[in-house]
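Notes for the one structure printed next.
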Amino acid sequence: MKNFDWPMMILVILALALGSACDGDGGGDADGGADGDTDADTDGDSDSDADGDSDSDSDSDSDSDSDSDTDADSDSDTDADSDSDTDLDAEFTECLEVCTPKMTWDYSSETDLLTVTHECIELNCCIEGIEATGEISGEGDDEYIRIWEEDVLTEPCDCVCNFNIEIEYPGVPAGDYTLELYFDDALAYSEEATLE
C-alpha cells in the first residue's frame, strides 16, 4: 500500500472549499455569469466597465483616469502629475577634477532634443538622484525654455561634492529662446539660445 500524502490532501481540500465559498454555487463566478468575476459586465476583470483592465474608467489603459496615456492624471503628458510641465530625464555624475560652475547646452535639429548640462554644481555627496521638469512658454521674440532641477536627498552626509547634471528635453522645436535653468526654484543661469 502506498503512503498517503496528508499535507497535500489538506491543501487540496482547503482550495476546493475556498473556491466554492466565493460564489455559493461552486463555480467561481460570484455574479453567476460566464466571465469568472464578481461584476455584471462581460469582461474578465472585477470592475464595472466593459474594458479588459482593472480600473473603473472606459479607456483601455490601466490607470484610473479617462485619458489615453498610462499615468494616473487627466492631462495629456505622460508624467504622473496633473500639471502642464514635462518631466525630464536627468543624470548626474561626480566631477572629480577642479571645475567652474556653468551651464552648457547642445541641440539636435534632427531629433528636436535639447541637452542641458549644469556643470560643477556643489551638492551634498549623498544625493540619490535629480528630478527635472521643463516648460516652453511665450511667443514671438519672448519665448522661454525653463528647466527646474531639484536634488533627491533623504539622508544627507556631512560633506559636499561637485556634480555635473545632464538633462535631456525632447520635442523642443528650433528657434530663438531665453534658456533659464533653476535649481531648487532659484534662477541659476539665463542666456539667449538659438536652437538650429
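The values are calculated or read from the model by the stated rules, or taken from the named source; none is laboratory data. In this text the structure is predicted, and so the values were computed from the model without any measurement. Here Cβ is always computed from backbone atoms with ideal geometry, including for glycine, and neighbour counts include all displayed protein chains. Side chains included, ligands, DNA and RNA excluded: accessible areas come from the protein's heavy atoms. Shrake-Rupley method; radii C 1.70, N 1.55, O 1.52, S 1.80 Å.
Condition first: of a type outside the set (D, E) and open to solvent by 40 Å² or more (accessible area, probe 1.4 Å). Now tell me which residues in the range 150-166 satisfy that.
Filtering the range 150-166 down to residues of a type outside the set (D, E) leaves 152-154, 156-157, 159-165.
Matches in the range 150-166: V152, L153, T154, P156, C157, C159, V160, N162, N164.
Take residues that are of a type in the set (A, V, I, L, M) and tell me which of the strands (runs of 3 or more DSSP E) falling wholly in the range 79-173 contain 3 or more. Show your work before the answer.
Working: elements: 86-94, 102-108, 113-124, 129-137, 144-152, 160-169.
Once the strands (runs of 3 or more DSSP E) in the range 79-173 are filtered for at least 3 residues that are of a type in the set (A, V, I, L, M), what remains is 113-124, 129-137, 144-152, 160-169.
Being open to solvent by 50 Å² or more (accessible area, probe 1.4 Å) and assigned to a strand (DSSP E or B): is that true of L181 here? Even if it seems obvious, please write down each step before you answer.
Working: open to solvent by 50 Å² or more (accessible area, probe 1.4 Å): no; assigned to a strand (DSSP E or B): yes.
So L181 does not fit the description; no.
Report, by residue number, each residue of the range 167-178 that is farther than 10 Å from H118 by Cα, open to solvent by less than 60 Å² (accessible area, probe 1.4 Å) and within 25 Å of the chain's Cα centre (by Cα). Steps first, answer last, please.
Narrowing the range 167-178 to residues farther than 10 Å from H118 by Cα: 168-178.
Pick out the ones that are also open to solvent by less than 60 Å² (accessible area, probe 1.4 Å) and you get 169, 171-172, 175, 177-178.
Result: Y169, G171, V172.
Taking the range 82-109, which residues are open to solvent by 80 Å² or more (accessible area, probe 1.4 Å), within 18 Å of the chain's Cα centre (by Cα) and within 17 Å of Y169 (Cα to Cα)?
Within the range 82-109, S84, D89, E91 meet the criteria.
Filter the range 122-149 down to the residues that are under 15 Å from T93 (Cα atoms) and open to solvent by 70 Å² or more (accessible area, probe 1.4 Å), then identify the one that is nearest to the chain's Cα centre (by Cα).
Taking the candidates together, the pick is E131.
Name, by its number, the condition in (1) modelled with pLDDT of 95 or more; (2) of a type in the set (A, V, I, L, M, F, W, C); (3) surrounded by 14 or more Cβ atoms within 10 Å (Cβ to Cβ) that does not hold for L187.
The failed condition is (3).
Let's see how each residue does on (1) among the aliphatic types (A, V, I, L, M); (2) under 15 Å from I127 (Cβ atoms):
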residue: D151; (1), (2): no, yes
residue: A174; (1), (2): yes, no
residue: T178; (1), (2): no, no
residue: F183; (1), (2): no, yes
